[in-house]
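Participant: Once you've had a glance at the structure underneath, I'll fire off some questions.
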Amino acid sequence: MSKTASAQLRLNIEGMRCAGCVSKVEAALESAPGVSLASVNLVDRTASVQGSAGLDADTLIAAVQAAGFDASPMLGGENIEAKRSEEAAHFACLMRRFIVAALAGFSLVADMFVGVLPGVQQGRAVWLSVGIVTLATMFYAGRHFYIGAWRSFIHHSATMDTLIATGTGTAWLYSMLICIAPDVVPEAARHVYFDAALIIIALINLGQALEVRARGRTSESIRRLIGLQPSTARVVRDGVESDMPIAGVVAGDVIRMRPGEKIPVDGEVLQGESRVDESMLSGEPVPVHKTRGSTVVGGTLNVAGSFLYRATHLGADSVLAHIIEMVKNAQASKPRIARIVDRVAGVFVPTVLILAVSTALVWLNFGPEPRISYALVAAMSVLIIACPCALGLATPISLVVGIGKAAEYGILIRKGEALERASKLTTIVLDKTGTVTEGRPQVTDILAEDTDAMLRLAAALETGSEHPLAAAITARAGDMRLPACEGFEAVAGQGVRGRVDGHDILLGNAAWMADQNVDIAAGVLEQAVQLSAQAKTPVFLASDGRLLGIIAVADPIKPDSKAAIARMRAMGLKVVMLTGDNRQTAEAVAAQVGISEVFAGVMPEHKDARVAELQAMGEIVGMVGDGINDAPALSRADVGFAIGAGTDVAIESADITLMRSSLDGVVTAIGISRATLRNIRQNLFGAFVYNSLGIPVAAGLLFPFFGLLLNPMLAGAAMAASSVTVVSNANRLRLFKPEEKA
């Protein structure tokens, strides 16, 4: 299968209730023409389909319907209120069904103690009436199970609905047989199970209702993101201000912002200044200063100040829309562990059906009297307790919560596989410039007899250069009046030359000076070595072949880099720095932030080879970078982390994007990854243990030793409780907080 696809469609799926359903829908979609990969999410009942450019929604919907389910295309601009209303209505419907079935079922249970109804032998007509009322109640409260089971049957498959419908339907049919023709079975086996059928349906409806309520909380992060954008904008057209719906704003419109208002759409500040709270993007609580030319993002909060800005990106092109789409796609994707579980669940229901039949046969052949009753009770309990709801929810429910939680901290995870791999990392490779350091070099020292004259010459020469060191020198010159430079020439990796004020000026490294026959005194070289040891880059300036002095340029280390790297080491990770800078400067930076292993002088095209070397040594490597030259290494790494302030190419090459330009995001991402995988393992362990113990107990394992046989009603309660437990455990991830900074 191709990792990339030229088209992607998302569908809403109806009728799924267990992991077995997921595997059937995925198989149906992947068999459709042009589909390369289908990923179905049981939590939000959606499917993400990748394939060729001609991917057709109608064809995919037909494939889903042929498998016994319904589908509809997901349209852009999801209405969050409509989604909430739909979930609330579904919850209310399930609760009504629970109440009706519970009232009827517990009334029959209570009669066992009160004795209002006659015995089956003495009041067959009464019990026939009870059977009809039970059937009507089962139809009202459990018809979705029976419809689902019938659809599965006609499509030659089996799902959770099959187990519930078979168990409760068999109980009702057996009970009606006792009412109509009691002589068919031995006298000791003449019991009715109308109460069991009703209470099983009631408890499963209650479990599903609680699951819907808990599941709704798992997508709260997406809801918050969607709810960030205000509904109106104050647009200035032809000098007239007016409030209008967001849908009416077009690119190029001028919008006025006042303190305390949410920014409606992305844009660029034209006039005024302010501080904007961008914590919804970056997780960083400190407001960002905005002036003319600054970009602002829809959904962020204008804290103080007023300004005018021009709308640039709207709707699906906005930053917020891209974030929401990335989070949704990641939540819909599946790590390896989820696909293994889906394959197991695909054969789980047929296996349970076989076990139920086998259980009945064992009781009929070897059980005590009344064998028929024991066989029915045991088989029904096996069918009910083994529903694979918990198994199907174990992985996706944790992924949805974990990926949403990461988004709250400004960490965008592109796919579930990245979340899974991040928990297993053993080595973190950090690019130096722009990752460990600010990426904005500054002049720190000028060593010369006349520092102003030297800076003036250097800045005049560097005016024509685009090198980061040149930007630092010209920035230091500030408002100095600079002479013109003629004959500018840059020599890659060495320096620049030109003619300023009638003098031949050279600016570059020591090797460049030696090539140009410029003599550097031993004392000056010693000063240069000392500067390099302080993570500063010494640049020599010469005029007409005579050395004038040294300008030292340094890229400041980010304030939180050292603490973040210490936290990485505390997590058991080996930290390596990778840079194209010279070894002396690289090692000086590494020493300041606590990194012991450095790859220096690495050319851009060789960075990915260094990552490959570490992988060949058995390391699971995470690469953190921000530049175009980091893109190959980001792609090569097991997990690529792109600093959000970096280039689009780096972000597109990475698995995880950090909206803040801070290494704290890497630590938090790994922490969330480990917490999520730990949560998944807890859920899977609980689901497998539940089924591993529940099925034998339901089949009658304890009967020979203790005379205990599981009541089908208790089996129904246990099955419902298992799903609610899994969802509730996953929701604990919503309480995740990063470890305190060192």
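Participant: Take ASP479 and GLU466, extend 7 Å from each Cα along the Cα→Cβ direction, and tell me the distance between the two endpoints in nm.
Facilitator: 3.0
Participant: So, one more: Report the one residue of ILE557, VAL575, LEU531 whose Cα lies farthest in the direction of the positive end of the charge dipole of the range 511-578 (charges on C-beta: Lys and Arg +1, Asp and Glu -1; origin at the Cα centre).
Facilitator: Checking the options against the dipole of the range 511-578, the answer is VAL575.
Participant: Could you derive backbone 3J(HN,Hα) for the range 312-318 from the dihedral phi with the Karplus parameters 6.51, -1.76 and 1.60 (θ = phi - 60°), listing whole Hz in sequence and x where the residue is Gly or Pro?
Facilitator: 10, 10, 10, x, 5, 8, 6
Participant: Please list, in chain and number order, the residues 5+ apart from THR437 or on another chain whose amide H is under 5 Å from its amide H, with Hs placed from the backbone.
Facilitator: LYS558
Participant: Right, here's the next one. Hey, got a sec? Which chymotrypsin sites (Phe, Trp or Tyr not before Pro) in the range 464-565 land in a DSSP loop and have at most 14 other Cβ atoms within 10 Å?
Facilitator: Values: sites: PHE488, TRP512, PHE540; in loops: none.
Here no chymotrypsin sites (Phe, Trp or Tyr not before Pro) fit, given the DSSP loop and packing criteria.
Participant: With the crude spin-label approximation of a point 7 Å out along Cα→Cβ, what separation in nm comes out for LEU128 versus LEU701?
Facilitator: Label at LEU128, label at LEU701, 4.4 nm between them.
Participant: Taking the 0 to 90 degree range and rounding to the nearest ten, how far is the long axis of helix 468-477 tilted relative to the main principal axis of the chain, both from C-alpha atoms?
Facilitator: The angle comes out at about 60 degrees.
Participant: What shape does the range 339-469 have by the C-alpha gyration tensor, where a ≥ b ≥ c are the square roots of the eigenvalues, rounded means a/c under 1.5, and otherwise prolate means a/b greater than b/c and oblate the rest? Kindly include the intermediate steps, with their values, before the conclusion.
Facilitator: Details: a/c = 6.90, a/b = 6.60, b/c = 1.04.
Verdict is prolate for the range 339-469.
Participant: Sticking with this one: Under a 5 Å amide H to amide H cut-off, with H placed in plane at 1.01 Å, what residues pair with VAL553 once short-range neighbours are removed?
Facilitator: For VAL553, the qualifying residues are THR444, THR537, VAL539.
Participant: Per-residue HN-Hα couplings for the range 234-246, Karplus 6.51 cos²θ - 1.76 cosθ + 1.60 at θ = phi - 60°, whole Hz, x for Gly and Pro?
Facilitator: 8, 9, 9, 10, 6, x, 10, 8, 8, 7, 9, x, 3
Participant: Roughly what angle does helix 607-616 make with the longest principal axis of the chain, taking Cα atoms, 0 to 90 degrees, to the nearest 10?
Facilitator: With rounding to tens, the tilt is 50 degrees.
Participant: Could you tell me whether the chain comes out rounded, prolate or oblate from its Cα gyration tensor? Rule is a ≥ b ≥ c as square roots of the eigenvalues, rounded for a/c under 1.5, then prolate if a/b exceeds b/c, otherwise oblate.
Facilitator: Prolate, because a/c is 1.5 or more and a/b exceeds b/c.
Participant: Can you give the relative contact order of the chain as a percent, counting alpha carbon pairs under 8 Å and 6+ residues apart? Let's see the in-between values first.
Facilitator: Numbers: 1473 pairs, mean separation 98.9, N = 742.
RCO, the chain: 13 percent.
Participant: Between rounded, prolate and oblate, where does the range 551-615 land on the alpha carbon gyration tensor, with a ≥ b ≥ c its root eigenvalues, rounded for a/c under 1.5, else prolate if a/b exceeds b/c?
Facilitator: oblate
Participant: Taking H as built 1.01 Å from N, whose amide H comes closer than 5 Å to the amide H of THR232, not counting residues under 5 places away?
Facilitator: Excluding prolines and chain starts, which carry no amide H, the hits are ILE246.
Participant: With bins 10 Å wide starting at 0, give me the P(r) of the range 326-412 over every alpha carbon pair, in whole percents.
Facilitator: 16, 30, 20, 16, 11, 5, 1
Participant: I need the phi-derived Karplus couplings for the range 599-604: 6.51 cos²θ - 1.76 cosθ + 1.60, θ = phi - 60°, integer Hz, Gly and Pro marked x.
Facilitator: So the J values, rounded to whole Hz, are 9, 10, x, 8, 5, x.
Participant: Oh, and also: So for the chain, taking the charge dipole from beta-carbon charges (+1 Lys/Arg, -1 Asp/Glu), which of VAL43, THR59, ILE656 sits furthest toward the positive end?
Facilitator: In the chain, that residue is VAL43.
Participant: Compute the accessible area per residue over the range 417-506, keeping the other protein chains in place, probe 1.4 Å, unit Å².
Facilitator: Working: 4440 Å² over 90 residues.
Averaged over the residues of the range 417-506, the accessible area is 49 Å².
Participant: Could I have the simple spin-label model distance between ARG234 and ARG292, label points 7 Å from Cα toward Cβ, reported in nm to one decimal?
Facilitator: 2.1
Participant: Using only the alpha-carbon atoms, how far is helix 57-66 inclined from the longest principal axis of the chain? Give it as 0 to 90 degrees, nearest 10.
Facilitator: Between the helix axis and the principal axis of the chain, the angle is about 30 degrees.
Participant: ARG440 label point, 7 Å along Cα→Cβ, cut-off 17 Å on backbone N: hits in the range 460-499?
Facilitator: Answer for the range 460-499: 467-479.
Participant: Between TRP150 and ALA7, what FRET efficiency follows from the Cβ-Cβ distance if R0 is 22 Å, with the result rounded to 0.05?
Facilitator: On the way: r = 34 Å, r/R0 = 1.56.
The calculated FRET efficiency here is 0.05.
Participant: OK, next. With only Lys, Arg, Asp and Glu charged, each at its Cβ (+1 for the first two, -1 for the last two), find how big the charge dipole of the chain is about the Cα centre; round to the nearest 20 debye. The partial results should precede the final answer.
Facilitator: On the way: 64 positive and 71 negative charges, 581 e Å.
It comes to approximately 2800 debye.
Participant: Quick one: length gained pulling ARG258 to ILE354 fully straight, 0.36 nm per residue minus the C-alpha distance?
Facilitator: Numbers: separation 96, 0.36 × 96 = 34.56 nm, distance 6.80 nm.
Once the chain is fully extended between ARG258 and ILE354, it gains 27.8 nm.
Participant: To continue, here is another question. 222 nm [θ] for the chain, helices only, -39500 (n - 2.57) per DSSP H run of 4+, per residue, to 500?
Facilitator: Values: 26 runs with 374 residues, N = 742.
It lands at -16500 deg cm²/dmol.
Participant: Calculated FRET efficiency, MET617 and LYS424, Cβ-Cβ r, R0 22 Å, to nearest 0.05?
Facilitator: Numbers: r = 15 Å, r/R0 = 0.70.
Efficiency, rounded to the nearest 0.05: 0.90.
Participant: To the nearest 0.05, how large is the calculated FRET efficiency for GLN682 and LEU361 if R₀ is 45 Å and r is the Cβ-Cβ distance?
Facilitator: Taking R0 as 45 Å, the efficiency between GLN682 and LEU361 is 0.80.
Participant: For the range 121-197, report the accessible area per residue in Å² (1.4 Å probe, heavy atoms, rounded to an integer). Intermediate values should be presented prior to the final figure.
Facilitator: Details: 3570 Å² over 77 residues.
Per residue, the range 121-197 has an accessible area of 46 Å².
Participant: Can you give the net charge of the other residues whose Cβ lies under 11 Å from the Cβ of THR295, counting K and R as +1 and D and E as -1?
Facilitator: -1
The values are calculated or read from the model by the stated rules, or taken from the named source; none is laboratory data. For clarity, every value in this text was computed on a predicted model and none was experimentally measured. Backbone-built Cβ (ideal geometry, glycine too); neighbour counts: all protein chains shown. Protein only, heavy atoms only, side chains kept; ligands, DNA and RNA dropped before computing areas. Shrake-Rupley method; radii C 1.70, N 1.55, O 1.52, S 1.80 Å.
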